[in-house]
Amino acid sequence: MAPTRLRRARWLALMLSSLVLTSGLSDHAHPALALPQPVAQAATASAQELVDLRSHIKHVVVMIQENHTFGNVLGDGCARTSRCRGLRIGSKVRLSNGAVVTLKGATDKVPETDHSFASQQAAWNGGRNDAWQRIGGCGGPNYGCMSSYAPEQIPALWSLATHFALSDNTYTCNPVTSWGDHFSWQTACNLDGFAGSIPLKTSGAGPTWGCRSKRVEPWSATGRPPYRLEPACNPDPSLTAPNGGAFRPTPVRSIRTLGENCDRASSCTRASYNTALIWSTDEAHAYLAYHHNIRRSTTQFLADAQSGQLPGLSILTPAMPGGETSQHNGASMAVGDRGIRTALSAVMNGPQWNSTAVFITYDDCGCFYDSVAPNRVPLVIVSPWAKPGYVDSTRVTFAGVQAFIENVFGLPRLNGADASAYTFGKAFTFSQAALHPIALPLARIPTSSRVLARATYRADPDDPS
């Protein structure tokens, strides 16, 4: 699924238009604030709640898939069951251009659509959420982003969402693309002044998107325009490497990460499991990318889960063994569902199941239609202590998952986002009998997608999403 020159050129044009749009915002407004934000809530738990949490949860797994909204993945199933907010396939949606579009069943091969900041803002249309035709790849007459997957197409994920707990009100931290979302998974939504777009090549650019890549990213000291291009790296001045690990001198300030706080606590151990370095949550943070790089393969994740060797915190990013399992644009949704099935079956049937909480989510919108907002994403909570069949509708961003992790391991908060985030207390109950593992159905792979199941995944570092 290597992008063509035309696709790369289109991406560059879209990125530049995104920066132009953000430059028109008030000097006091971060671009992310143009999309819905969670209401601040106290993230502190009572002493007894923390005792209950820590006595039951010793291991947290975060599995981050690629590029889908909540409505695109779970909306049809939600509407069928009336459990959560979504629209059924076949529903009519009126767009700002006057077109009435029928929400269609999605093809197994995920369509190519743009999901830059500019596109997400365009679709949101000042809160009307009706200009999805302005997204690249979603214009008429096909309206490629106006689609939803039926539960039968993603049977493993849907089974987990119905048997365990589900959030239908989780949002990305910022309406940005994969690099910005993966960066902020370590920083409780703090982009450290970066715009959050895909880093651009310089001479001698390497295979990742982070500190070792020799790539640059729009940055400013305020996180608002005007931007200039700086190394795509959160530096660490304690490193012996020049420039705090960046490939050239950088004005970017060093900020603390979740991984660093974990390393400083005797209660916390961690590992990053991934095949594609461009989707690692570690590579853009010098502390994590260099001397404290605890990276393992996704194959090792399965072995660790099956043998009871998972660390306290596992962050799992694509791809799993068995093909292109990321569910990224151009990939197979069914192959990805099989990857979810493989990973969760290993956890549920491993010796650490009774002390584990798994959060399955998607890094950004893709960008596919959602009836609530472009940056609403799926979040499925799998644990023997999750409330069975529960839908948590408390508004939250990814910072809520990070605050949950901090509560489990007694870690300090990184900033105001995790300090004020909801921590999913409604989705867990520790007074129930532990839920048993479930057998997960195997997704059927259409003939047209079988080449994706046979492929050995090779991430393209120039992939614009």
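The values are calculated or read from the model by the stated rules, or taken from the named source; none is laboratory data. In this text the structure is predicted, and so the values were computed from the model without any measurement. When we count neighbours, we look across all protein chains shown, and the Cβ atoms used for this are built from the backbone with ideal geometry, even at glycine.
Any chance the stretch 193-203 includes a residue that's part of a loop (DSSP other than H, G, I, E, B) and more than 30 Å from residue 421 (Cβ to Cβ)? Yes, that holds for at least one residue. Only residues that are at pLDDT below 75 and assigned to a loop (DSSP other than H, G, I, E, B) were counted in the stretch 431-465, giving 11. Considering 391, 401, 408, 372, the condition of being crowded, with 23+ Cβ neighbours inside 10 Å, aliphatic (A, V, I, L, M) and touching a residue at least 24 places away in the same chain (Cβ under 8 Å) is satisfied by 401 alone.
Does residue 183 qualify as being in contact with a Pro (Cβ under 8 Å, 6 or more places away or on another chain) and more than 19 Å from residue 72 (Cβ to Cβ)? For residue 183, the condition - in contact with a Pro (Cβ under 8 Å, 6 or more places away or on another chain) and more than 19 Å from residue 72 (Cβ to Cβ) - is not met. Scanning the stretch 282-313 for residues that are modelled with pLDDT of 95 or more and surrounded by fewer than 24 Cβ atoms within 10 Å (Cβ to Cβ) returns 300, 302, 303, 304, 306, 307, 308, 309, 311, 312, 313.
Identify the residue in the stretch 48-84 that is among the charged types (D, E, K, R) and out of contact with any Lys or Arg (no Cβ under 9 Å at 6 or more places or on another chain) and, among all such residues, is farthest from residue 344 (Cα to Cα). Of everything passing the filter in the stretch 48-84, 49 is farthest from residue 344 (Cα to Cα).
Applying the set (1) touching a residue at least 12 places away in the same chain (Cβ under 8 Å); (2) touching a Lys or Arg at 6+ places or on another chain (Cβ under 6 Å) to residue 100 leaves exactly one unmet item: (1). Counting only residues that are of a type in the set (Ser, Thr, Tyr), surrounded by fewer than 24 Cβ atoms within 10 Å (Cβ to Cβ) and in a loop (DSSP other than H, G, I, E, B), the stretch 138-186 holds 1 of them. Within the option set 244, 259, 206, 193, being over 30 Å from residue 158 (Cα atoms), over 22 Å from the mean Cα position of the chain (by Cα) and at pLDDT 95 or above holds for one residue only, 244. Counting only helices (runs of 4 or more DSSP H) that sit completely within the stretch 2-114, those holding 3 or more residues that are charged (D, E, K, R) and modelled with pLDDT of 55 or more correspond to 47-56.
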